[in-house]
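**Student:** Quick one: the structure is below, and I'll ask about it shortly.
The values are calculated or read from the model by the stated rules, or taken from the named source; none is laboratory data. Please read these numbers as outputs of a predicted model, since none were measured by experiment. In this analysis, Cβ positions are derived from the backbone assuming ideal geometry, glycine residues included, and neighbour counts consider all displayed protein chains. Calculation scope for accessible area: heavy atoms of the full protein, side chains included, ligands and nucleic acids excluded. Shrake-Rupley method; radii C 1.70, N 1.55, O 1.52, S 1.80 Å.
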Amino acid sequence: MFATKAAADNLAAAQPVKGRSLWADARARFLRNKAAVAGLIVLFLVTLFALLGPLIAPWNNEDIDWNVLGNVAEAGRPSLETGHWFGTDALGRDLFARTVQGTQISLMVGIVGALISVIVGTLYGAVAGYFGGRADAVMMRAVDVLMSIPYMFVLILLLVVFGRSMLMLFIGIGLVSWLDMARIARGQTLSLRSKEYVEAAIATGVKPFTIILRHIVPNLLGVVIVYATLLVPSMIIYESFISFLGLGVQEPLTSWGALINDGAAEMNNGTYWMLGFPLFFFVITLFGFFFVGDGLRDALDPKDR
Amino acid sequence: MLVFILKRLLVAIPVLLILIVGTFILMYTAPGSPFATDRGIPPAVLANLEAQYGLDQPFAVQIWRYIVGIVTEFDFGPSFIYRDQDVNDLIGQGFPVTLTYGFWSFVVAVIVGGALGILAAVKHNTWLDYLAVGISIGAQVLPNFVLAPILVLVFTLWLGWLPGGGWQGGQIEYIILPVIALSTSFMASIARISRASMLEVLTSNFIRTARAKGLPMRRVIFRHALKPALLPVISYLGPAFVGMITGSVVIDIYFSTGGIGQFFVASALNRDYGVMMGITVLLGTLTILFNLLVDILYAWIDPKIRY
């Protein structure tokens with residue numbers, strides 16, 4: 001009798017069992033993945049480099065060091081004494097400052113481009129999947145059509161017709177890259193559509209677009225985050241590709257692609273640092289995003305539980 | 001089968017029309033005349049030039065002529081910058097080059113990538129598997145415009161084995177580096193896809209049955225596992241084709257191979273709308289036709305698809 005009372009008291013006094021939410025579970029799984037955590041640290045450091053770089057750089061990214069000009073292969077070497085930690089580029093501009101700037105722009109293009117494509121793609125896919133039927137067929141057929149077009153050429157056309165600007169680059173990259181996202185979002189929506197809470201919402205007379213925004217999109221979030229993380233590196237690759245061709249970011253602005261292009265053009269003179277430093281940042285950042293993306297997929301994708 | 005192919009062709013035609021009309025509208029709305037120069041050009045001369053190229057006609061007439069020209073005579077129109085050349089000349093010069101190294105890149109990517117992926121899956125969790133996975137992760141962060149300078153640095157500047165550019169009528173040593181630069185990332189993707197699907201197939205019931213009745217592993221893989229394992233690879237071929245066409249621009253620019261991408265970028269920098277439009281339409285057409293081919297191949301191999 002007393003024993004049961006004591007047990008009951010114990011139970012009453014005990015903390016309620018803490019439920020493990022989906023996100024806490026995912027975080028634990030993510031943190032157990034060493035490659036993903038390493039990727040996250042690398043990304044953090046690269047972001048710090050982009051943000052704090054301008055504060056510690058002894059040179060401005062636009063100023064030409066006249067002492068170096070004319071003898072870049074010798075005097076422009078990376079050295080601590082001259083303050084050109086990464087050396088200079090072929091025009092005698094400080095490569096550290098330029099790499100910092102290129103990192104800022106490449107990261108920005110990557111993140112903004114991924115954001116545009118995620119927003120457009122998720123909404124498009126959710127709408128197509130939610131309404132289903134003929135609307136779905138037409139909308140997804142349009143995606144199929146757009147997918148079979150060599151988008152990079154269309155993007156270059158856009159850049160040439162409407163002028164080369166950062167804005168156009170964002171719009172162009174965002175516009176051509178939402179297609180995969182739309183397909184993924186649609187597939188998920190199809191299975192969410194028949195859930196009870198959606199039926200309940202329909203039964204209580206909630207408007208379709210409110211249902212999509214309130215009930216469908218939040219449940220797509222896990223998948224969306226995973227693909228957004230994997231989209232950022234591909235946006236960075238697109239942008240670098242276009243800048244490599246000289247059609248993207250214009251001087252005095254620069255990006256990894258433009259820097260890699262400049263470095264590759266100067267390779268014959270033995271100035272390998274011009275290629276090496278931008279390339280290093282490009283490669284580690286892509287690695288970082290891919291590892292984090294894979295880690296998030298393992299953590300959030302319900303298929304692999 | 002014939003009905004299936006015909007149906008697919010019927011779907012491809014409106015897609016092509018959309019591509020052509022879309023490109024045309026983009027070029028039509030482009031601000032400024034393609035003949036405008038920095039020094040300015042007398043209005044009378046400009047009007048004459050535009051009349052010569054038919055640019056003074058209403059939009060509907062222009063686009064009708066353009067489409068009819070492509071369909072009936074395979075004529076992609078004139079270049080607005082080089083008066084003595086039209087788009088067909090440029091395509092005739094550049095296309096064989098692009099086709100040559102593009103074809104070899106495709107072959108290398110599919111065969112090496114497929115073999116690597118399947119080997120990795122069969123020898124799961126051995127050094128071979130780790131090597132294949134390592135290669136495919138490494139190649140992910142080395143897109144062609146990054147790989148090309150590295151290859152030239154190593155094989156041309158340091159080792160001096162291969163020329164760092166040029167074409168020379170397509171001699172083998174001029175093809176090797178472009179093919180490696182173009183095919184590596186696709187090879188890696190194909191390796192990853194075929195490894196994953198082969199692993200999945202190898203754990204399925206019909207493979208266990210085949211093993212249980214005493215078939216040797218080699219026969220199980222070639223007779224039973226290979227075909228279903230290759231299906232995801234086949235559906236990747238379409239995107240790979242688009243990627244290679246896009247990548248060929250970088251190859252042409254970096255290795256000065258003189259392919260079609262070089263003309264495309266040159267025309268983009270010159271605002272030579274005629275050439276840009278022609279090349280976009282041509283490559284779009286090729287892509288759509290290739291996707292059609294992939295669809296047919298897929299339907300032919302996949303027993304689940306009935307047509």
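**Student:** For B:THR209 and A:PHE280, FRET efficiency with R0 = 60 Å and r from the beta-carbon atoms, rounded to 0.05?
**Tutor:** 0.70
**Student:** Can you give the FRET efficiency to the nearest 0.05 for B:HIS124 and B:LEU289, using r as the Cβ-Cβ distance and R₀ = 35 Å?
**Tutor:** 0.40
**Student:** Express in whole angstrom the spacing between the alpha-carbon centres of region B:99-158 and region A:166-244.
**Tutor:** If we compute the Cα centre of each part, the gap is 32 Å.
**Student:** Here's another thing I want to ask about it. Could you size up the charge dipole of region B:1-158 around its Cα centre, putting +1 on the beta carbon of Lys and Arg and -1 on that of Asp and Glu, and report it in debye to the nearest 20?
**Tutor:** So the dipole magnitude of region B:1-158 works out to roughly 540 debye.
**Student:** Just to be sure I understand the model, the point goes 7 Å from the Cα along the line to the Cβ. What's the resulting B:ILE25 to A:ALA265 distance in nm?
**Tutor:** 3.6
**Student:** Given the protein chains as shown and a 1.4 Å probe, how many square angstrom of B:HIS124 are accessible, to the nearest 10?
**Tutor:** 80
**Student:** Working out 0.36 nm times the residue gap between B:PHE4 and B:PHE103, then minus their Cα-Cα distance, what length gain in nm do you get to one decimal?
**Tutor:** Additional length available on full extension: 32.9 nm.
**Student:** Could you work out the mean projected area of the convex hull around the alpha carbons of region B:181-250, in square nanometres to one decimal?
**Tutor:** Taking the Cα atoms of region B:181-250, their convex hull projects to 4.9 nm² on average.
**Student:** While we're on this one: Quick one: which of A:278-289, A:45-56 comes out on top by average Cβ neighbours within 10 Å, and what's the full order, highest first?
**Tutor:** So the order, starting with the most tightly packed, is A:278-289, A:45-56.
**Student:** In Å, what Kirkwood hydrodynamic radius results for region A:211-305 from the alpha-carbon pair distances?
**Tutor:** 15.4
**Student:** Continuing with the same structure: Spin-label point model (7 Å from Cα, Cβ direction): what's the B:ARG218 to B:THR72 distance in nm?
**Tutor:** Result for the modelled spin labels: 6.1 nm.
**Student:** Report the charge-dipole magnitude of region A:114-195 in Debye, nearest 20, computed about the Cα centre from +1 at each Lys and Arg Cβ and -1 at each Asp and Glu Cβ.
**Tutor:** With only Lys, Arg, Asp and Glu charged at Cβ, the dipole is about 200 debye.
**Student:** Continuing with the same structure: Between B:ILE18 and B:ALA299, what FRET efficiency comes out of the Förster formula 1/(1 + (r/R0)^6) with R0 = 22 Å and r the beta carbon distance, rounded to 0.05?
**Tutor:** Once the sixth-power term is evaluated, E becomes 0.40.
**Student:** OK, next. At 7 Å along the Cα-to-beta-carbon direction for both A:ILE64 and A:THR210, put a label point, then send me their distance in nm to one decimal.
**Tutor:** 6.4
**Student:** Work out, step by step, the length gained on full extension between B:ILE41 and B:SER256: first 0.36 nm times the residue separation, then minus their alpha carbon distance; give nm to one decimal.
**Tutor:** Answer, rounded to one decimal: 74.0 nm.
**Student:** Given N residues in chain B, what is its alpha carbon radius of gyration divided by 2.2 N^0.38 Å?
**Tutor:** 1.23
**Student:** Something else about it: So between A:ALA24 and A:LEU190, what do we pick up on full extension, going 0.36 nm a residue minus the alpha carbon distance?
**Tutor:** Length difference between fully extended and current span is 57.1 nm.
**Student:** A follow-up question, please. Between helix B:127-140 and chain B, what is the angle of the helix's C-alpha long axis to the longest principal axis, kept within 0 to 90° and rounded to the nearest 10?
**Tutor:** 20
**Student:** Please state the charge dipole magnitude for chain B, taken about the Cα centre, from unit charges on C-beta atoms (+1 on K and R, -1 on D and E), reported in debye and rounded to the nearest 20.
**Tutor:** That gives chain B a dipole magnitude of about 1960 debye.
**Student:** If you don't mind, another one. How big is the protein assembly as shown along each principal axis, measuring the range of its Cα positions in Å and listing the largest first?
**Tutor:** Principal extents (largest minus smallest coordinate, Cα): 108, 73, 62 Å.
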